[in-house]
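S.K.: The structure is given below, and queries will be raised subsequently.
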Amino acid sequence: MRIGVFICHCGSNIAGTVDCAGVAAQAARFPDVAYSTDIMYACAEPGQDAIIEAIREHGLTGVVVASCTPRMHEPTFRRAVERAGLNRYMFEMANIREHVSWIGKDMDANTNKAAELVRMAVAKLRLNRELTPKSFPVTKRVLVIGGGVAGIQAALDAADAGLEVVLVEKEPSIGGKMAKLDKTFPTVDCSSCILGPRMVDVAQHPKITLYAAAEVESVSGYVGNFSVRIRKKATCVDWDKCTGCGLCTEKCPSRKSYDRFNEGVGPTTAIIIPFPQAIPKKASIEREFCRQFTRGKCGVCAKVCPTGAIDYDMQDSFVEVEVGGIVAATGYDLMDWTVYEEYGGGRYPDVITSLQYERLLSASGPTGGHVRRPSDGAEPRDVVFIQCVGSRDPSVGRPYCSGFCCMYTAKQAILTKDHIPDSQSYVFYMDIRSPGKGYDEFTRRVQEEYQAQYIRGRVSRIYPSRGKLVVCGADTLMGTQVEVAADLVVLAVGGEAAHGAPQLAEKLRISYDQYGFFMEGHPKLKPVETNTAGVFLAGSCQGLKDIPSSVAQGSAAAAKVIGLLSRDMLESDPQIAQVTVSRCIGCGKCIEVCPFKAIQEIDLRGQPRAEVIETVCQGCGVCNATCPQGAIQLSHFTDNQILAEVEALCRF
Amino acid sequence: MAIEQELQAAVKAALPELDCIIGWGPGPDALRDAPLFLRDAADADVLRAGFFSVNNPALFLPEYKGRKIGVLVKGCDARSVGQLLLEGLVRREDLFVIGFPCSGVIDAGKAAALIADRCEAGELRSVREQGDSIVLEGPDGAFSLAKKDVRADKCERCLFPNAMDADLFVGEKRAPFAELDEYADLAAFEQAPLEERMAFWEKEMSRCIRCYACRDACPLCVCRDQCVAVARDPHWLSQADGIRDKLFFQIIHASHLAGRCTGCGECERACPMGIPVLLLKRALSRRVETLFAYRAGIDMQGRPPLLTFSLEEPRIKERDW
């Protein structure tokens, strides 16, 4: 074998703490190395051309590039060696940036370690075999998980491009958090007026199948051919018969149910249609409040329903769908702000969340758009807004900025003035973060035109006194203590990953960060991809963001899925398990451990043997580690290759 | 002895239905029985079963897969059979398991040391059990030894002296000597600092002659001719004569037995150099017990933890939900 070694400087990223020329000189003496050099930017066009040139000039049959992480540029270099006529798997990468130059400053130690990593890569490459991918057909259907504004956008864009879309929403209606908002910043246009038509489009689109009140139960398969099991939760109403007339919700005698859509601002009935513009506009029963379930008798809704749609015995049912790509758009939830004892810990009825305030402001809300405080229904005069409740606060495990609270607080202060002209708003803030288009102007307008009083400082305590809530805080610009007697306190509660997001991530086999937000493929260059092929992200499930960004990501994720599924065939990764039949003893341990059910037992002249189903195998290597006699080998990562790397590192 | 005769009668009755019955018969010397493969009921009188029946007959079962086999088992042998069944390496319907109460087995090495001043093991004319002792007929007359002085260490901590899941059980079940295996031997060993322990293994392994008797005696080492120790592809072990490869093999052996080893101790007994290789396996058994609450070869409904795949392990908390 004739191996070429290329040590990348990555500008000064690597060369700053690694003697690249020295590593190249050492590598020239490694076994089978025919050519070795250092190079300024291996990934740039001149760098790639130099590699191709060297392959041709020196008759190289394998290439090692020592540079950054393979996640970044392995595909780049594989394509480069392929352009020079080599098989793309006759290539190895040594990571001397993330694993060496970025983590230490000792030039000698770094140079030494870089040389050892190159020695390992060379040792492995010497045992590489040419591999050829196989092609398999794709299913031209996409699953969108979550029917908030991001999921709606992704579903509509994908469907408009001709893909079949399956949209799964866990609530009985799509719309997500945006459907709960009264107005949207910075234009103060009506939220449901702009979202509503999109929701109707989803319902009417011939390419979109909507499963509301449903959740993803399990996902199997791989890019191009996922198999998804969806749990349709028992709503106790046959939606094929329900016309959404709402008679049941009028007659329901249980009137103390928690109203999830209205954030518990007022009670609702046990059978509900969440809101007037709900899509689908179908009723569903909340069993924990329904008298038929809690007391064992009632049956009022069944009596009044004109179409006989009520079915108390309904059980969860399951549907299986085959899809080629998946978009996760599961959004966010509010953090539990009651950990803040200084704000009353949830004991004062007139300390509410901003989302509850949206419902008070909304004309379709429980108060018909008249702002009335929860304790006595009185119209508030002095309203205090407290920002960064559960944002930028490491003491409650929420060090991140939620991003949208500054803006919606400004909007709510404007709306307060619109609803109650003689009201006065006070906003306690840490910093005003308004970097979007027209955003900063908006926050100035609320202070200058709407006379909202912005106080830079944190609130130390809220306590009730003579029908008012006294808000004590600091004004750090004035350097004084302030006290405001408020009628209503609105907390700008920060967001957190949707409840159940980590569990969904496990089903989708994608990573999530310590807060439960899904990890994008690359923070800058792959914002809607994940490291699992075929799974994409949109909206706040990846990190909190406002409506424009969520919509943009919805479209971006759709574009990625459309690109993926525009191909009729995909190539399977040939780095998969292979059974050496002559060494297999048919013990079946590999079949038991395979998470993908990619190994089957076959009969070879009366003896059981294992066989890998090539298009199902994902190359995870569990079988490889389990097989006691090493009869299953992972192509490109054979035992011998790993052992060669170990031997190269631990020379005796 | 009554149980031995009962077993002989049972074997005679069962043999016509079976291809073969595996038990014990006269061995190389009076202290040791040898495996016996009975095909003819007329030979049943030579069958032995008791204090000297050390070998684990489960060793031979995978080779007979697909044929009807009877097998005599002690408690520890029964666990090996159980583990083979769990892994699908033998089929229950092919087996006729005959159990009997085991009062422990002899450690021939201990006995040989105790009688060294009288004679060699080969000079003994006969040996028989008598209650809690054994009576040995030497060249200079009879003498006796207490069973507890010559019993194998594994028997002192054995929790399952009565074969489980037997088709036929001959004799009265007895209570185990120990209530709980506390891994006292391991705890004592781990008193020493790490360097000392490494030095211990290096010294022990320097005596290894790479005969692989430990592997060949193990009832759960089912790869046999395909063992990685002798394979060129994958080439895990070199043929170099060094401690490194010898210790490496023992570690491979122990990891292949993690969650599968029933502690029958055949590996250690078979070692001609007297290297305490069971200790390595026991270290992993203890780990599997604490991590997965699993003991090999006991629960026929359980799954060997390292031979299954599950996203979540109930006793390993990777996340806080």
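The values are calculated or read from the model by the stated rules, or taken from the named source; none is laboratory data. The shown structure was predicted, so the numbers you read here are calculated from the model rather than taken from an experiment. Heads up, the Cβs are rebuilt from the backbone with ideal geometry, glycines too, and the neighbour counts pull from every protein chain shown. With ligands, DNA and RNA removed, areas are computed over all heavy atoms of the protein, side chains included. Shrake-Rupley method; radii C 1.70, N 1.55, O 1.52, S 1.80 Å.
S.K.: Rounded to the nearest 10 Å², what accessible area does residue B:67 show when all protein chains are kept and the probe is 1.4 Å?
M.R.: 120
S.K.: Lys/Arg Cβ at +1, Asp/Glu Cβ at -1, dipole of chain A taken about the Cα centre: which of A:304, A:25, A:555 is farthest positive-ward?
M.R.: The one lying farthest along the dipole's positive direction is A:304.
S.K.: Related question: May I ask you to give the average projected area over all directions of the convex hull of the Cα atoms of chain B, in nm² rounded to one decimal? Display every interim value, and only then the final one.
M.R.: Details: hull surface 77.6 nm².
Over all viewing directions, chain B projects a mean Cα-hull area of 19.4 nm².
S.K.: Between the range A:539-594 and the range A:487-506, what is the separation of their alpha carbon centroids in Å?
M.R.: Cα centres, the range A:539-594 to the range A:487-506: 28 Å.
S.K.: Could you work out the equivalent-ellipsoid semi-axes for chain A, taking the square root of 5 times each eigenvalue of the Cα gyration tensor, largest first, in whole Å? List each step's numbers first, then the result.
M.R.: Values: eigenvalues 599, 235, 85 Å².
Value: 55, 34, 21 Å, ordered largest first.
S.K.: Residues with amide H under 5 Å of residue A:602's amide H, sequence separation 5 or more or different chain, H placed in the peptide plane at 1.01 Å from N; which?
M.R.: For residue A:602, the qualifying residues are A:609, A:610, A:611.
S.K.: Taking Rh as the Kirkwood radius computed over C-alpha pairs, what is the Stokes-Einstein D of the range A:3-125 at 20 °C in a medium of viscosity 1.002 mPa s, expressed in µm² per second? It would help to have the intermediate numbers written out before the result.
M.R.: On the way: Rh = 13.7 Å.
Roughly 156 µm²/s, to the nearest whole number.
S.K.: A follow-up question, please. Mind listing P(r) for the range B:265-320? All alpha-carbon pairs, 10 Å bins, whole percents.
M.R.: 20, 39, 27, 12, 3
S.K.: Sorted from largest to smallest, which semi-axis lengths in Å does the alpha carbon gyration tensor of the range A:71-163 give for its equivalent ellipsoid, taking the root of 5 times each eigenvalue?
M.R.: Numbers: eigenvalues 328, 105, 20 Å².
Square roots of five times the eigenvalues give 41, 23, 10 Å.
S.K.: How much of the pair distance distribution for the range A:373-419 lies past 11 Å, counting alpha-carbon pairs only, in percent?
M.R.: Numbers: 783 of 1081 pairs.
Value for the range A:373-419: 72 percent of Cα pairs lie more than 11 Å apart.
S.K.: Here is a follow-up. With Cβ to Cβ distances under 13 Å as the rule, what net charge do the other residues near residue A:23 carry (K, R +1; D, E -1)?
M.R.: Details: positive: A:29, A:97, A:113, A:119; negative: A:19, A:38, A:108, A:116.
Neighbourhood net charge equals 0.
S.K.: For the range B:59-84 and the range B:199-229, compute the distance between their C-alpha centroids and round to whole Å.
M.R.: 22
S.K.: For residue B:118 paired with residue A:448, estimate the spin-label separation in nm (one decimal), with each label point 7 Å from Cα along the Cα-to-Cβ line.
M.R.: With each label point 7 Å from Cα toward Cβ, the separation is 11.2 nm.
S.K.: Roughly how compact is the range A:350-396, stated as its Cα Rg over 2.2 N^0.38 Å to two decimals? All intermediate terms of the calculation are to be shown ahead of the outcome.
M.R.: Numbers: Rg = 12.8 Å, N = 47, 2.2 N^0.38 = 9.5 Å.
That works out to 1.34 for the range A:350-396.
S.K.: Right, next: Of all DSSP beta bridges located in the protein assembly as shown, what percent are antiparallel, nearest 5?
M.R.: Working: 75 of 134 bridges.
Antiparallel bridges make up about 55 percent of those DSSP assigns within the protein assembly as shown.
S.K.: Additional query: If the elastic network links every pair of Cα atoms under 10 Å, which of B:139, B:62, B:304 fluctuates the most in the Gaussian network model of chain B?
M.R.: Top of the fluctuation ranking is B:139.
S.K.: Could you work out the local net charge near residue B:100, counting Lys and Arg as +1, Asp and Glu as -1, over the other residues with Cβ closer than 11 Å to its Cβ?
M.R.: Values: positive: B:74, B:173, B:174; negative: B:4, B:6, B:77, B:172.
Neighbour charge sum, excluding residue B:100 itself: -1.
S.K.: Show me the ranking of peptides B:255-263, B:21-29, A:255-263 by mean Cβ neighbours inside 10 Å, starting with the highest. If you can, show how the numbers build up before the last one.
M.R.: Numbers: B:255-263: 23.3, B:21-29: 19.3, A:255-263: 16.8.
Ranked from most to least packed, the peptides come out as B:255-263, B:21-29, A:255-263.
S.K.: A further question on this structure: Using all alpha carbons of the range A:317-366, what is the percent of pairwise distances in each 5 Å bin, ordered from the shortest bin to the longest?
M.R.: P(r) for the range A:317-366, in whole percents per bin: 5, 13, 15, 14, 13, 9, 8, 12, 7, 5, 0.
S.K.: Distance between Cα centroids, the range A:330-371 to the range A:156-189: provide it in whole Å.
M.R.: Using only Cα atoms, the two centres lie 22 Å from each other.
S.K.: A further question follows. How many Lys pairs in the range A:234-315 lie less than 18 angstrom apart by Cα atoms, where the lysines are 8 or more positions apart or on different chains?
M.R.: For the range A:234-315, the number of qualifying lysine pairs is 9.
S.K.: Want the number for residue A:313 to residue A:102: 0.36 nm per residue separation, take away the alpha-carbon distance, what's left?
M.R.: On the way: separation 211, 0.36 × 211 = 75.96 nm, distance 6.17 nm.
Taking residue A:313 through residue A:102 to full extension adds about 69.8 nm, to one decimal.
S.K.: Something else: Over 19 Å between Cα atoms, which of A:183/A:417; B:74/B:110; A:170/A:233 qualify?
M.R.: Values: A:183/A:417 14 Å; B:74/B:110 21 Å; A:170/A:233 8 Å.
The pairs that break the limit, which is 19 Å between Cα atoms, are B:74/B:110.
S.K.: Ok, one more. Report, by chain and number, residues whose modeled amide H sits under 5 Å from the one on residue A:570, excluding near sequence neighbours (fewer than 5 apart, same chain).
M.R.: Amide H neighbours of residue A:570, under 5 Å, 5+ apart: A:136, A:138.
S.K.: Report the charge-dipole magnitude of the range A:335-496 in Debye, nearest 20, computed about the Cα centre from +1 at each Lys and Arg Cβ and -1 at each Asp and Glu Cβ.
M.R.: So the dipole magnitude of the range A:335-496 works out to roughly 100 debye.
S.K.: Based on the alpha carbon coordinates of the range A:115-225, what radius of gyration and maximum Cα-Cα distance (Dmax) apply, in Å?
M.R.: Calculated on Cα positions, Rg and Dmax stand at 22.0, 65 Å.
S.K.: While we're on this one: Inverting the mean 1/r over all pairs of different Cα atoms, compute the Kirkwood radius of the range A:52-98 and quote it in Å.
M.R.: 10.7
S.K.: Using alpha carbon coordinates only, what is the Rg to Rh ratio of the range A:577-635, with Rh defined as the Kirkwood radius? All intermediate terms of the calculation are to be shown ahead of the outcome.
M.R.: Numbers: Rg = 10.1 Å, Rh = 11.0 Å.
Here Rg/Rh amounts to 0.91.
S.K.: Which whole-Hz ³J(HN,Hα) couplings does the range B:3-20 yield from phi under the Karplus relation 6.51 cos²θ - 1.76 cosθ + 1.60, θ = phi - 60°, glycine and proline marked x?
M.R.: 5, 4, 5, 4, 5, 4, 5, 4, 5, 4, 5, 7, 4, x, 7, 10, 6, 6
S.K.: Ok, one more. Kirkwood Rh, the range A:315-430, all Cα pairs: how many Å?
M.R.: On the way: mean 1/r = 0.0599 Å⁻¹.
Mean inverse Cα-Cα distance, inverted, gives 16.7 Å.
S.K.: Would you list the P(r) distribution for the range B:181-321, with all Cα-Cα distances sorted into 5 Å bins from 0 and each bin expressed as a whole %?
M.R.: Per 5 Å bin, starting at zero, the Cα-Cα P(r) for the range B:181-321 comes out as 2, 9, 17, 20, 19, 15, 11, 6, 2, 0, 0 percent.
S.K.: Hey, another quick one. As an exercise, take the mean of 1/r over every pair of distinct alpha carbons in the range A:335-496, invert it, and state the Kirkwood radius in angstroms. It would help to have the intermediate numbers written out before the result.
M.R.: On the way: mean 1/r = 0.0634 Å⁻¹.
The Cα-based Kirkwood calculation yields 15.8 Å.
S.K.: For chain A, what is the mean residue ellipticity at 222 nm derived from helices alone (per DSSP H run of n ≥ 4: -39500 (n - 2.57); sum divided by total residues; nearest 500 deg cm²/dmol)? Walk me through the intermediate numbers first.
M.R.: Working: 17 runs with 176 residues, N = 652.
Rounded to the nearest 500, the figure is -8000 deg cm²/dmol.
S.K.: With Kirkwood's inverse mean 1/r over C-alpha pairs for Rh, give me the Rg to Rh ratio of the range A:234-315, two decimals please.
M.R.: On the way: Rg = 11.6 Å, Rh = 12.5 Å.
Across the range A:234-315, the Cα-based Rg/Rh ratio is 0.92.
S.K.: Placing unit charges on C-beta atoms (Lys and Arg positive, Asp and Glu negative, everything else neutral), compute the dipole magnitude of the protein assembly as shown about its Cα centre in debye, rounded to 20. Walk me through the numbers before you get to the answer.
M.R.: On the way: 113 positive and 124 negative charges, 335 e Å.
It works out to roughly 1600 debye.
S.K.: Taking 0.36 nm per intervening residue step and subtracting the Cα-Cα distance, what contour gain separates residue A:506 from residue A:437 on full extension?
M.R.: Values: separation 69, 0.36 × 69 = 24.84 nm, distance 3.65 nm.
Gain on extension, residue A:506 to residue A:437, equals 21.2 nm.
S.K.: Considering amide H positions built from the backbone, and no H for Pro or chain starts, which residues 5 or more places from residue A:91, or on another chain, come under 5 Å of its amide H?
M.R.: Distant-sequence amide H within range of residue A:91: A:63.
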